[in-house]
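Report on the following structure.
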Amino acid sequence: MKKAQVTGDFLTEEAWKWKSIEDAFSEVLTLHDYQEIRLPILQDREVLQKGIGALAGSREALQAAQRTIDVCPRETDSHTLSLRPEGTISILYHTALHSQKGQVSRYYYHGPMFKKAPDGKAQEFFQLGVELLGSDSLLTENEVISLGMRILNALGFRDASLKLNSYGCEDCRRKFFADVRANLESNVRDYCKTCYEELHLNPFADTRCQDKSCRHDLKAGPQIEDYLCAKCRDNFSRIRKIQANLGHPFRVDPHLYKNFAYYNETVFDFCIPQEGREITVGGGGRYDYLSNHIAKRNLPAVGFSLDLDVIFSLMEARRLFLPLRKNFSVYISAQSPNMEMMLLQIAQELHAQGIKTVLGTDSRNTADELANAKSHNCDIMITIREENIREGKLLLHNVSREDQAYIPLNHLTESVEIARKTLKK
Ligand SMILES: [Zn+2]
Ligand SMILES: [Zn+2]
């Protein structure tokens, strides 16, 4: 996470890079008819907690609830707000309440999310979320997975790949969960207390356990792939086949962990290789049962999120940010204070033609102003002098060629256009 905690620091040169990431994913998503949602940053704590509570009061729900950043102290205000920790819950809640039966909604959102780190410090991180709600068709999983790959490709990651797994439907999971719990209970000594409890609640949990004497995971126990019913097995093989045909490199990872147990059937991660390591930059899955817990309505859905901070750092490391194409621009300087009105009028005339200007704010000598125009990457400089104005002319400098000529004041934009053509901009 790049922005490890909330600080007042910012770098001006980062803004255009963030904008180029946003432009790239917005273009891909718009082509696929996804609508941008602007989620409120302040969210109703009660709705949020209800969504988090849909994880059946498990330890992971408790942890997630404790990690939200509340704006009003709970003891003193009954209507407490929280800074949004993620987007899925509010989009699912809103869509379950308002969408028509049979309607399919495609949404995306991006921006800062907030949560507390395990040490209690406030964290701000940037995320893109994509959700397709209202269909359990296999096509929608393939659409969403492919969309993630398209976005990574558009950002320049030609070597992005997928990890896939199936968590099965409620039927296959019931038997799997029962066997996992029985297996854990008969091997209780192999696990630390945390792992035992977390895996007991969610066999797909990534416990991040550091205890050397602990087995940490269920690699030795029952495996979900052996429990998939015929339909889930068939669906998963079709997903693999379609992704292979689309040319998306993937591998099946039976131990693809997701810290929220609400996923069912297909789950996936997006990975990028970097310096010999495989970096997970996002992921998601199908969550057909979550809306029933949150809004008491059946609304099948599939979605993913991308960790934009990780993506930003990888793009920096790979030098994937291409500088924006420089626009033609004109530096305008007035050599006496009473020419200010003229300076603003000239700028206005050029803006009307879509020409960018940089205004010299202090009256200085020509050499200083020319140096200033160069430092702003301007192509030409117009100097306004009282004695020239009286004669109806302006001085135009070609900044790179360092030559100069007078142009008629009443043919300002034509003369600037001619100068621009000689620069081929
Ligand atoms: Zn099944
Ligand atoms: Zn452990």
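Could you tell me whether segment 201-215 includes any residue that is in contact with a Cys (Cβ under 8 Å, 6 or more places away or on another chain), assigned by TED's automatic domain parsing to the domain that holds THR140 and among the hydrophobic types (A, V, I, L, M, F, W, C)? No, the conditions are met nowhere in segment 201-215.
Can you tell me which residue within segment 181-236, out of those that are among the polar types (S, T, N, Q) and within 16 Å of ligand 1 (Cβ to nearest atom), is modelled with the highest pLDDT? Spell out how you get there, then give the answer.
So the first thing to find is which residues in segment 181-236 are among the polar types (S, T, N, Q), and the list is 183, 186-187, 194, 202, 207, 210, 213, 223, 235.
Now drop any that are not within 16 Å of ligand 1 (Cβ to nearest atom), which leaves 223, 235.
On the way: GLN223: 89, ASN235: 95.
Among those that are among the polar types (S, T, N, Q) and within 16 Å of ligand 1 (Cβ to nearest atom), it is ASN235.
Here the condition is being buried (at least 18 other Cβ atoms within 10 Å of the Cβ), more than 16 Å from ligand 2 (Cβ to nearest atom) and of a type in the set (Lys, Arg); of ARG150, ARG174, ARG158, it holds for ARG150 alone. State yes or no: is GLY102 more than 16 Å from ligand 1 (Cβ to nearest atom), under 28 Å from VAL28 (Cα atoms), surrounded by fewer than 17 Cβ atoms within 10 Å (Cβ to Cβ) and at pLDDT below 95? Yes. Taking segment 301-352 as the region of interest, how many residues are in contact (Cβ under 8 Å) with a residue 60 or more places away in the chain, over 30 Å from GLY282 (Cα atoms) and in contact with a Gly (Cβ under 8 Å, 6 or more places away or on another chain)? Of the residues in segment 301-352, 1 are in contact (Cβ under 8 Å) with a residue 60 or more places away in the chain, over 30 Å from GLY282 (Cα atoms) and in contact with a Gly (Cβ under 8 Å, 6 or more places away or on another chain).
Just a yes or no: is a residue in segment 77-88 among the β-branched types (Val, Ile, Thr), in a strand (DSSP E or B) and within 19 Å of the chain's Cα centre (by Cα)? It would help to see each step written out before you state the result.
Let us first name the residues in segment 77-88 that are among the β-branched types (Val, Ile, Thr), namely 80, 88.
Subsequent filtering for residues that are in a strand (DSSP E or B) retains none.
No.
Pairs are defined by a Cβ separation below 7 Å, a sequence spacing of at least 6 or placement on different chains, a first member in segment 160-181 that is closer than 13 Å to ASN202 by Cα and outside the structural domain of PHE270 (by TED's automatic domain parsing), and a second member that is of a type in the set (Gly, Ala, Ser) and at pLDDT 90 or above; the pairs so defined are PHE176/GLY168. Total residues in segment 202-253 satisfying the condition of being hydroxyl-bearing (Ser, Thr, Tyr) and outside any loop (DSSP other than H, G, I, E, B): the figure is 2. Selection of segment 214-228 for residues being away from ligand 2 (no atom under 14 Å from the Cβ) and charged (D, E, K, R) yields GLU225, ASP226. Of the residues making up segment 102-135, those that are under 25 Å from LYS17 (Cα atoms) and not hydroxyl-bearing (Ser, Thr, Tyr) number 16.
If I go through segment 115-147 residue by residue, how many of them are in contact (Cβ under 8 Å) with a residue 60 or more places away in the chain and either closer than 30 Å to GLN66 by Cα or not assigned by TED's automatic domain parsing to the domain that holds ILE41 (or both)? Outline the logic, then answer.
Let us first name the residues in segment 115-147 that are in contact (Cβ under 8 Å) with a residue 60 or more places away in the chain, namely 117, 121-136, 138, 140-147.
Among the residues that remain, those that are also either closer than 30 Å to GLN66 by Cα or not assigned by TED's automatic domain parsing to the domain that holds ILE41 (or both) are: 117, 121-133.
Number satisfying all stated conditions: 14.
If you go through segment 254-280 and pick out every residue that is surrounded by 20 or more Cβ atoms within 10 Å (Cβ to Cβ), part of a strand (DSSP E or B) and not polar (S, T, N, Q), you end up with 7.
The values are calculated or read from the model by the stated rules, or taken from the named source; none is laboratory data. Keep in mind that this is a model prediction, so the values were computed, not measured. Using ideal geometry, Cβ is built from the backbone for each residue, glycine included, and neighbour counts are taken over all protein chains shown.
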